[in-house]
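Engineer: My questions all concern the structure below.
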Amino acid sequence: MAFYDVIGKTYAQTRRSDPRITKKLLEILASSPASTIADIGAGTGSYASVLAEHGYRVFAIEPSETMRSQAIAHPAIEWMDAYVENLPLSDQSVDAAIIMLAFHHFPDYRQALNEMHRVVGNGQMIFFTYDPEMISSFWLTEYFPSFIRDVESTFLPIPKLLEEIQSITDSVANVIPFPLPNDLSDSFAAVGWARPELYLDSDIRNGISSFSKIDDDELNSGLFRLSEDLERGWWDRKYGHLRQQSEYDVGYRFFHRSAV
Ligand SMILES: C[S@@+](CC[C@H](N)C(=O)[O-])C[C@H]1O[C@@H](n2cnc3c(N)ncnc32)[C@H](O)[C@@H]1O
């Protein structure tokens, strides 16, 4: 059973595409002509749907039935029950391939990159991912310290990912920092950087894989301390300035290997 068959039952409720992320994604895609896209690890199709609405034909690759079953059908999206390690697409069959917040879930990242490169050929490769070196400066880890170990052991460091892309594709990728808006609508791990109360909501936590990996003691203790700190104003004394900011660079990054 795929991991997201277990943890993804309510994913579509809290993990809606964010318009600022889709704007940046569409902007990057528009840098060279593309009409067919492979969305690898497409989840419930939140980003595939936006691409389809913008006229792209999308192959949405997703191994979890629980995730695929939450997708809204669109005539321009073809869903494929498959893993990145063995994509059911022929060589150079798409103009672009995207991996949105999924690369860190792939057990064999080299095989994933090889497969992505095989189907896209000289087309665009786009990743939306996280810089693991930023995790220890995120305040949430004071409450849930094992996030640091989880993130550092699952996300590839930026220089390493760049090196791997270059060694497989023989071309250089750009790294584009993506500061998160304070009203992000895709509730992934850093969604509450300026809205700490969100982490007290179990629906929000259920859409964040890092929360599913921490043990009950750490979870309960972190939630207890966070709610106490919020009630007593301690969180605001230390981090309240974040509530005034419209965006903040928590560590999310786009990677773009242009069409060559
Ligand atoms: C955090 S979700 C991201 C989903 C979607 N891209 C989004 O941004 O909402 C990660 C997805 O990767 C999928 N996934 C995990 N391992 C995979 C693999 N080996 N090949 C393809 N997809 C995989 C999971 O089933 C899950 O749906």
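Engineer: Could you list, in sequence order, all residues of the range 131-160 that are polar (S, T, N, Q), within 16 Å of Phe103 (Cβ to Cβ) and surrounded by 15 or more Cβ atoms within 10 Å (Cβ to Cβ)?
Structural biologist: Within the range 131-160, just Thr154 meets the criteria.
Engineer: If you don't mind, another one. Could you list all residues from the range 8-19 that are under 11 Å from Asn206 (Cβ atoms) and either of a type in the set (D, E, K, R) or under 15 Å from the mean Cα position of the chain (by Cα) (or both)?
Structural biologist: The answer is Gly8, Lys9, Tyr11, Thr14, Arg15.
Engineer: Just one of the numbered conditions (1) open to solvent by 30 Å² or more (accessible area, probe 1.4 Å); (2) modelled with pLDDT of 95 or more; (3) of a type in the set (Gly, Ala, Ser) is not true of Ala38; which one?
Structural biologist: Every listed condition holds for Ala38 apart from (1).
Engineer: If you don't mind, another one. Kindly provide the set of residues from the range 210-220 that are within 16 Å of the ligand (Cβ to nearest atom) and charged (D, E, K, R), ordered by number.
Structural biologist: Lys213
Engineer: Report every pair of residues separated by at least 6 positions or lying on different chains whose Cβ atoms are under 6 Å apart, first residue within the range 1-15 and among the hydroxyl-bearing types (Ser, Thr, Tyr) and within 6 Å of the ligand (Cβ to nearest atom), second modelled with pLDDT of 85 or more and assigned to a loop (DSSP other than H, G, I, E, B).
Structural biologist: Partner pairs satisfying both residue conditions: Tyr4/Ser64.
Let's see how each residue does on (1) more than 27 Å from Glu27 (Cα to Cα); (2) free of Cβ contacts under 8 Å to residues at least 40 places away in the same chain; (3) within 16 Å of the ligand (Cβ to nearest atom):
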site: Ile176; (1), (2), (3): no, no, no
site: Leu180; (1), (2), (3): no, no, yes
site: Ser185; (1), (2), (3): no, no, yes
site: Phe188; (1), (2), (3): no, no, yes
site: Val191; (1), (2), (3): no, yes, yes
site: Ala194; (1), (2), (3): no, no, no
site: Tyr199; (1), (2), (3): yes, no, no
site: Ile208; (1), (2), (3): no, yes, yes
site: Gly222; (1), (2), (3): yes, no, no
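Engineer: I'd like the full set of residues that are more than 19 Å from Tyr130 (Cβ to Cβ), open to solvent by 40 Å² or more (accessible area, probe 1.4 Å) and touching a Phe, Trp or Tyr at 6+ places or on another chain (Cβ under 8 Å), limited to the range 84-109.
Structural biologist: Hit for the range 84-109 is Glu85, nothing else.
Engineer: Now for a different question. Scan the range 161-177 residue by residue and report those that are over 26 Å from Ser17 (Cβ atoms) and either open to solvent by 60 Å² or more (accessible area, probe 1.4 Å) or part of a loop (DSSP other than H, G, I, E, B) (or both).
Structural biologist: Glu163, Gln166, Ser167, Asp170, Ser171, Val172
Engineer: So which of Thr22, Thr36 ends up being polar (S, T, N, Q), within 13 Å of the ligand (Cβ to nearest atom), touching a residue at least 24 places away in the same chain (Cβ under 8 Å) and under 22 Å from Ser258 (Cβ atoms)?
Structural biologist: That would be Thr22, the only listed residue that is polar (S, T, N, Q), within 13 Å of the ligand (Cβ to nearest atom), touching a residue at least 24 places away in the same chain (Cβ under 8 Å) and under 22 Å from Ser258 (Cβ atoms).
Engineer: Which residues, taken from the range 178-229, are within 19 Å of Thr154 (Cα to Cα), open to solvent by 60 Å² or more (accessible area, probe 1.4 Å) and either of a type in the set (A, V, I, L, M) or not in a helix (DSSP H, G or I) (or both)?
Structural biologist: Correct list: Lys213, Asp215.
Engineer: Sticking with this one: Here is a list of conditions, (1) in a helix (DSSP H, G or I); (2) open to solvent by less than 30 Å² (accessible area, probe 1.4 Å), and Phe255 meets all of them except one; can you say which number that is?
Structural biologist: (1)
The values are calculated or read from the model by the stated rules, or taken from the named source; none is laboratory data. Source: prediction; values computed, not measured. Here Cβ is always computed from backbone atoms with ideal geometry, including for glycine, and neighbour counts include all displayed protein chains. Quick note on the areas: whole protein, heavy atoms, side chains included, nothing else; ligands and nucleic acids left out. Shrake-Rupley method; radii C 1.70, N 1.55, O 1.52, S 1.80 Å.
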